[in-house]
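Inspection log for the structure reproduced underneath, given as structure tokens.
The values are calculated or read from the model by the stated rules, or taken from the named source; none is laboratory data. Because the structure is predicted, anything quoted here is derived from the model rather than measured. All Cβ positions, glycine included, derive from the backbone under ideal geometry; neighbour counts span all protein chains shown.
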Amino acid sequence: MTILHRIRSVAALLLRRDAADARLNDELEAYVELSAAERVRDGVPLEEARRLAMLELGGIEPVKERVRAERHGASLDELVRDVRYAFRMFGRHRALTMTIVATLAIAIGANTAIFTLVDALMLRWLPVRDPQELLLVKLQALDAKQPSESFSYPIARALDDQREVFAGAAGFSSYPFDVGERGSAHRVSGAVVTGGYYETLGVMPVAGRLLRRDDDVVGTAVTAVISDGFWRREFARAPDVAGRSLRINGVPATIVGVSAPGFAGANVGWIADVTVPVAALPQLSPQAAPLVGAGNFWLRVLARPRLGIGATEAQARLNVVWPRIADSLIAAHWPASRRQAMAGAEFQLAPGGTGWTPLRALYMTPLAVLSAIVVLVLLIACANIASLLLARASDRRREIAVRLALGAGRARIVRQLLIESVLLALIGAGVGLAIAVVAGRFLVDLISTGRMRVVFDLTPNWHIVAFTAGVALATAVIFGIAPALQATSVAPAAGLSDDARTSARRSRLLPALVSTQVALALVLLVGAGLFIRTLQNLQRFDPGFDARGVLLASFDGRRASVPADAVDALRGLPGVVSVSVSTHTPLSGSTWSEPAVPAGQPVPERDNAFFVAAGPEFFATLRIPIVAGRDFSERDAADAPAVAVVNERFAQRFFANGTAVGGRLDANVRGRRRRLEIIGVAGNTNAAGLRAAAPPTVYVSYAQLAGDVPTTIAVRATGPLGPAIAAVSRTLGARLPDEAIDVRPLSEQVDATMVQERMLATLAGAFGAVAVGLTCIGLYGLLACTVVRRTKEIGIRLAMGAQRSQVIRMVIDDAARRVAAGAAVGLPAAWAAARAVRSILFGLTPADPAAIAAAVTALGAAALAAAYLPARRASRVDPLAALRHE
Amino acid sequence: MAKLDVPQGTLDLMILTILAREPMHGYGISQRLAALSHDSFQVNPGSLFPSLYRLEQDGKLKAEWRPTENNRTAKYYRLTAAGRRQLEAHRQRWEQISFAIASVLEGA
């Protein structure tokens, strides 16, 4: 039989079910008539003949039922009836249905929201041609633990040239630009890319053309491609945008075209609104000129293998080619050992269709933890709903008993109950999906409080819808199966007896479910406590400098662009305490290191100390204590003897106690051998990260540092920061019309290093609260049920002279038993879970007493609150009424 | 003689065989089946009608309402081309089976 035929008959059935039923009726009546007529012919009286004929048929309805079961789509037909029935039940138990749907919506919404982030960060293909073919290029050096994903510009270009291996290679790196006319320049996130970038990825232009290899040539006029979003926002989709001029960092560039909508760079989470060739970088940012050299590894490379060869083959070919071309691509000024290590390195090609992002490494652990958390929330929700359904199942006992007695199979009723569960789950999932869309944006905002604005496409795609549907179905089975089986396990006669509600066998499942919820909630609460305490510890941690009241103004790196009178002008502002310049600020994410040793010792090849070039008042502005000697001053100018301040860690490592000041250092500073005199010792600062130990640090005089170095102005101000920020921006903006002045509190820079911890603390706290709320509902439901069931017993006790307080105790004890049972399982589980996340904790152990005590107290208090209402109701039972009841 | 139930799986074959001669209604089929089997087989309407419906849905039979000899209307079934092919296939298989069974019984 053809599929078409089957579909037609199912359709016909659904459309003309009633008509078909009527015709079947006619046919069976005809059968009876014919049979009766023949008996009449044999001499049987008419009435008797009809009775016999009907007997032979066995009744019209049973035959009809059997024919219906033969029909195609019969099961579909039953499904439709079950669904209708389910909706009638929902209407009858509106409050319960709403509670269940809301619980599911929150739990599924939380799961979908986290999954949305996982999807956006890890699973989404780049919107390019055949993304699954793209490979991320990595280089495993002999002496490195992990392969590096960064390449120099010469290597990225050389990879693009390997036509025996690749159809093309795309080197790229995110890069911010100041875009716009003098005075109205604003900061735009952009990218610098190699010439083969767009062709390799297979991105199409919507206007003009995209960058080509001949755009990526040093010395040619600057060309740029803008994103579709930028075209819409800045140019109102002007059709003649290609060919227009755009000032980037004050340099006129030509827009050659607009990339296709949806594509905003290969760095996931970082929008590239303006993309320029790497070769244009020296013109746009002179201080970034070294990036085009062989010594800087900063470009990520996605490559597309040549047609017909796979990743393995491409990798093998590349590793054959590399030793032959390595020599000319490795920086000539590198020491021989480093050159050798590089030439001996091996390329690895990993799947790259989802692009590249530093966020993946950063958020892998937090997202794994969050996924575990939302799964726990979902399990609590399931336990909660299962207990609600169990409680209702005792109400429905009579209805189910009637249906069983009328001959419905147990499987049929279990199916009916499961269909109700699935429908509830799907409705909950629908609402949850809507919640997830909103919650997803909130999550991205949480991540975005960092240094970089993270932008994700969070529109639900089929991954997310499929994930949500899958979660919903799994949920429905988990919370639906036990109540369904229990509800149908009753013998019809028992279920129909008058006493069905009160004498129903005590379910052992319900208390177990509530204890499970307590255990799961405890795990969540302990986790939330640990993450919140970790964040608090980080916030209270003294990093060796004082960020409060300090503002930072960054310039796109360049000393040359800092107006000479800027520092003096800022010093004159009201409320400003001190102002200083430096190349680096603590926790900015950017660091500089060099080798430095006491004079006379051989200077090592490898860097051994952090370096910062700082001007006068730097230590005062950041409140880094000078523990010996003196601070930099105006006297430490370019023509004065070269001086340095070292931190305590450096001093301890290289000098006997107290002898550092006056000592001399030999160091390489920006490629030049310098001898420095130590004039002071400063306190340690955790400049590279709060969790990392304070690195040995050498501060050199900013004025004595040659060249165009990155520069940040730090301003310590008293009073509210808002007006101070405005005043600093105004003062600098007047002097730097080409730059987007970015003035931010140093505390923001410090906070940015805690983004993951803050995200975990916030979300774990929120989910912990949800878990406690759900558990309370579950506990309340159980106790309320128990009190109703034991009304008669309570009445007898009261009549026999029991005190009302004893009755209250009875209910509270019941609650305490459930909580204790839950805690007995939950606490060891929490401890095991905490050990698994040990690496994210800061300043506490997995068995942190404060976190555990807080969790137990919170849950105990919540349980007490949940027990209050049922306990009060129990204490108000009227003995006479209770005994008369039934 | 005791009445036999129609062996499992053979009712379709018998229905198709009976309808191959001429179109017939449900009651007629059950009567004809009884007559042809010398009253050995008794088919329960509760089995007959579901079979008829399934065969009709599968396109092996076609049905129409026609007056009977004694002026009632009844639903007459007749074989379609697909029904004829099915009959042929079933009959061949049945003959193989019965030959095989007979061989086993005689040879044992």
Subset of the range A:24-54 [among the aliphatic types (A, V, I, L, M) and farther than 20 Å from residue B:75 by Cα]
A:40, A:44, A:46, A:49, A:52
Sole exception among (1) under 22 Å from residue A:38 (Cβ atoms); (2) more than 7 Å from every other protein chain (Cβ to nearest Cβ); (3) within 14 Å of the chain's Cα centre (by Cα) for residue B:61, by number
(1)
Residues satisfying the stated conditions in the range B:58-83, i.e. surrounded by 14 or more Cβ atoms within 10 Å (Cβ to Cβ) and within 18 Å of residue B:13 (Cβ to Cβ):
B:58, B:59, B:60, B:61, B:77, B:78, B:79, B:80, B:82, B:83
Test each condition in (1) in a loop (DSSP other than H, G, I, E, B); (2) modelled with pLDDT of 90 or more for residue A:219 and report the one that comes out false.
(2)
Going through the range A:54-65 one residue at a time, which ones are crowded, with 16+ Cβ neighbours inside 10 Å and more than 9 Å from chain B (Cβ to nearest Cβ)?
A:54, A:60
Specify the residue that is modelled with the lowest pLDDT; the eligible residues are those in the range A:607-636 that are charged (D, E, K, R) and in contact with an Asp or Glu (Cβ under 7 Å, 6 or more places away or on another chain).
A:607
Would you tally the residues in the range A:95-145 being within 22 Å of the chain's Cα centre (by Cα), charged (D, E, K, R) and in a helix (DSSP H, G or I)?
1
Tally time: how many residues in the range A:25-72 are outside any helix (DSSP H, G or I) and touching a residue at least 40 places away in the same chain (Cβ under 8 Å)?
2
Condition (residue is in contact with a Gly (Cβ under 6 Å, 6 or more places away or on another chain), in a helix (DSSP H, G or I) and more than 14 Å from every other protein chain (Cβ to nearest Cβ)) applied to the range A:73-94: is it met by at least one residue?
no
Subset of the range A:664-684 (residues that are part of a loop (DSSP other than H, G, I, E, B) and in contact with a helix residue (DSSP H, G or I) (Cβ under 8 Å, 6 or more places away or on another chain)):
A:683, A:684
Scan the range A:260-279 and tell me whether some residue there is part of a strand (DSSP E or B) and either polar (S, T, N, Q) or out of contact with any Ser or Thr (no Cβ under 9 Å at 6 or more places or on another chain) (or both).
yes
Cβ-Cβ under 6 Å pairs, at least 6 apart or on other chains, the range A:849-877 side under 20 Å from residue A:823 (Cβ atoms) and touching a residue at least 60 places away in the same chain (Cβ under 8 Å), far side of a type in the set (Phe, Trp, Tyr) and in a helix (DSSP H, G or I):
A:866/A:780
Would you mind stating whether residue A:512 is among the small types (Gly, Ala, Ser) and at pLDDT below 75?
no
In the range B:1-42, anything touching a His at 6+ places or on another chain (Cβ under 8 Å) and either within 14 Å of chain A (Cβ to nearest Cβ) or free of Cβ contacts under 8 Å to residues at least 12 places away in the same chain (or both) is listed as B:12
Just to check your reading of the model, which residue among A:328, A:285 is among the polar types (S, T, N, Q), loosely packed, with under 14 Cβ neighbours inside 10 Å and modelled with pLDDT under 90?
A:328
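Let's see how each residue does on (1) without any contact (Cβ under 8 Å) to a residue 12 or more places away in the chain; (2) surrounded by fewer than 20 Cβ atoms within 10 Å (Cβ to Cβ); (3) touching a Cys at 6+ places or on another chain (Cβ under 7 Å):
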position	(1), (2), (3)
A:232	yes, yes, no
A:253	no, no, no
A:260	no, yes, no
A:265	no, no, no
A:274	no, no, no
A:277	no, no, no
A:306	no, yes, no
A:310	yes, yes, no
A:318	no, no, no
Residue check for residue A:143: crowded, with 21+ Cβ neighbours inside 10 Å and acidic (Asp, Glu):
no
All positions within the range A:176-233 that are of a type in the set (Val, Ile, Thr) and out of contact with any Pro (no Cβ under 9 Å at 6 or more places or on another chain)
A:179, A:200, A:226
Expected single match for within 36 Å of the chain's Cα centre (by Cα), under 30 Å from residue A:369 (Cα atoms) and surrounded by fewer than 22 Cβ atoms within 10 Å (Cβ to Cβ) among A:590, A:554 is A:590
With respect to the numbered conditions (1) within 30 Å of residue A:175 (Cβ to Cβ); (2) at pLDDT below 85; (3) β-branched (Val, Ile, Thr), which one is the sole condition not fulfilled by residue A:400?
(1)
Matching residues in the range B:32-49 (more than 12 Å from the chain's Cα centre (by Cα) and surrounded by 18 or more Cβ atoms within 10 Å (Cβ to Cβ)) number 1
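Let me confirm something: among A:124, A:50, A:41, which residue is buried (at least 16 other Cβ atoms within 10 Å of the Cβ), of a type outside the set (A, V, I, L, M, F, W, C) and within 14 Å of chain B (Cβ to nearest Cβ)?
Values: A:124 fails: within 14 Å of chain B (Cβ to nearest Cβ); A:41 fails: buried (at least 16 other Cβ atoms within 10 Å of the Cβ).
Among A:124, A:50, A:41, only A:50 is buried (at least 16 other Cβ atoms within 10 Å of the Cβ), of a type outside the set (A, V, I, L, M, F, W, C) and within 14 Å of chain B (Cβ to nearest Cβ).
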From the set of residues in the range B:67-77 that are in contact (Cβ under 8 Å) with a residue 12 or more places away in the chain and of a type outside the set (A, V, I, L, M, F, W, C), which is nearest to the other protein chains (Cβ to nearest Cβ)?
B:75
Options A:396, A:317: the member that is among the charged types (D, E, K, R) and within 30 Å of residue A:418 (Cβ to Cβ):
A:396
Do we find a residue being buried (at least 22 other Cβ atoms within 10 Å of the Cβ), among the aliphatic types (A, V, I, L, M) and out of contact with any Pro (no Cβ under 9 Å at 6 or more places or on another chain) anywhere in the range A:414-424?
yes
Options A:883, A:783; residue that is modelled with pLDDT under 85 and farther than 30 Å from residue A:761 by Cβ
A:883
Residue list for the range A:706-740, filter: touching a Lys or Arg at 6+ places or on another chain (Cβ under 9 Å) and among the hydroxyl-bearing types (Ser, Thr, Tyr)
A:711
